[in-house]
Protein chains: 2
Amino acid sequence: MAPTSETLTPERILEATEEVLRRHGPAKATVVDVARALGVSHGSVYRHFRTKAALREAVTKRWLDRATATLTVIAEEDRDAESRLRDWLAALFAAKRSKAGDDPELFATYQVLTGDHGDAVAVHIDELTGQLARIIESGVDSGTFTTTDPATAARAVFHATGRFHDPGYARAWEKPGVMDDFTAVVDLVVRGLRAD
Amino acid sequence: MAPTSETLTPERILEATEEVLRRHGPAKATVVDVARALGVSHGSVYRHFRTKAALREAVTKRWLDRATATLTVIAEEDRDAESRLRDWLAALFAAKRSKAGDDPELFATYQVLTGDHGDAVAVHIDELTGQLARIIESGVDSGTFTTTDPATAARAVFHATGRFHDPGYARAWEKPGVMDDFTAVVDLVVRGLRAD
């Protein structure tokens, strides 16, 4: 049944947009395709997303944030900062890896979209490094970590572990030994944050 | 003057190959183009490099190794391991960055070639991590660094600093603040290697 103006939510539009992108690819998918998939006029879609670019940016942000939910929980847990940091980095790697491995077509589609919507990516990365900074800060408070500047340290940890969350490395994630490489880098950065 | 069979060295062929690649691009450049540029028959080129693939692999290896010469000197110097490590990482970053920035066309050409010749890249990376391992090992000997496994630590340092030498990040190297990001990561990994 086609959604009415009451049931046509932004979330339904974003779901349909992802499905259309998966089917047609980012080069060909249009707002008309999305409207058709929903059984509504394209005007109804434009009432929620003013332009095709706005719709694509929103669906990109939604995709990027799907992982962040789990990470937010870990970041806010009330336990030892070092184990939280390790779990957070492992959860980020696992989330990116499963996205790349489970649905490579959709992953490739979003690679194109993230390239076009750098702002959505920048916001996503700010949120992630913000979570890292809070974990590091709580570790400083409890005496586990020593750093005078948790924000800079968070950015450094994010960059140092980029090989294990940056989609450009997706092919390396399937190679044997990648978990050993990951553990070695995490051990190194945790030592780097730890009190002397 | 065209080289004779005595003066046609592998190095001259590789120089000409690089020039031909720069001019025609990796998709179009042929061994005949290289022979023509040298004023010799293509048979003369094949006497030194048995196949087009072998020639391309050799020119890729030569390009990759151009940076390594400076790094080898730093790795073998007889001074404090921490400052050698910092200088080595800075020299690697500077070498990659200037390659990408000074001659972007040739850089793009070699991006294609390194994709095709993974073995040459693997050998190059083994040489680099070998140098890192020797620096770390000498730091362990002198009591600057503590690690039971310099080879694993070297690989972790190489991976953790990938953002500052992996050509996939070339566009990020032009952004303001990249040197601060680099310093923050190097500080973090040096702390991670340092004695408690």
Taking segment B:170-185 as the region of interest, how many residues are outside any helix (DSSP H, G or I) and open to solvent by less than 40 Å² (accessible area, probe 1.4 Å)? 1
For the condition more than 26 Å from A:Ala100 (Cα to Cα), in contact (Cβ under 8 Å) with a residue 24 or more places away in the chain and not assigned by TED's automatic domain parsing to the domain that holds A:Gln111, what is the one hit in A:Gly43, A:Gly25, A:Gly39? A:Gly39
So for segment B:20-30 (the condition being touching a Gly at 6+ places or on another chain (Cβ under 9 Å), assigned to a helix (DSSP H, G or I) and of a type outside the set (S, T, N, Q)), does at least one residue qualify? no
Here's a check for you: in segment B:74-84, which residue that is in a helix (DSSP H, G or I) and touching a helix residue (DSSP H, G or I) at 6+ places or on another chain (Cβ under 9 Å) is surrounded by the fewest Cβ atoms within 10 Å (Cβ to Cβ)? B:Glu76
Which residue out of B:Ala184, B:Ala195, B:Ala172 is of a type outside the set (Ser, Thr, Tyr), modelled with pLDDT of 95 or more and out of contact with any Cys (no Cβ under 7 Å at 6 or more places or on another chain)? B:Ala184
When (1) open to solvent by less than 50 Å² (accessible area, probe 1.4 Å); (2) within 18 Å of the chain's Cα centre (by Cα); (3) without any contact (Cβ under 8 Å) to a residue 60 or more places away in the chain are applied to A:Asp87, the one that fails is (1)
Any chance you could count how many residues in segment B:59-73 are hydrophobic (A, V, I, L, M, F, W, C) and either in contact with a strand residue (DSSP E or B) (Cβ under 7 Å, 6 or more places away or on another chain) or touching a residue at least 60 places away in the same chain (Cβ under 8 Å) (or both)? 2
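The values are calculated or read from the model by the stated rules, or taken from the named source; none is laboratory data. Note that this is a predicted model, so its numbers are computed, not measured. Note that we place each Cβ from the backbone using ideal geometry, even for glycine, and neighbour counts take in every protein chain shown. When the accessible area is computed, the model is the full protein with side chains, heavy atoms only, and any ligands, DNA or RNA have been set aside. Shrake-Rupley method; radii C 1.70, N 1.55, O 1.52, S 1.80 Å.
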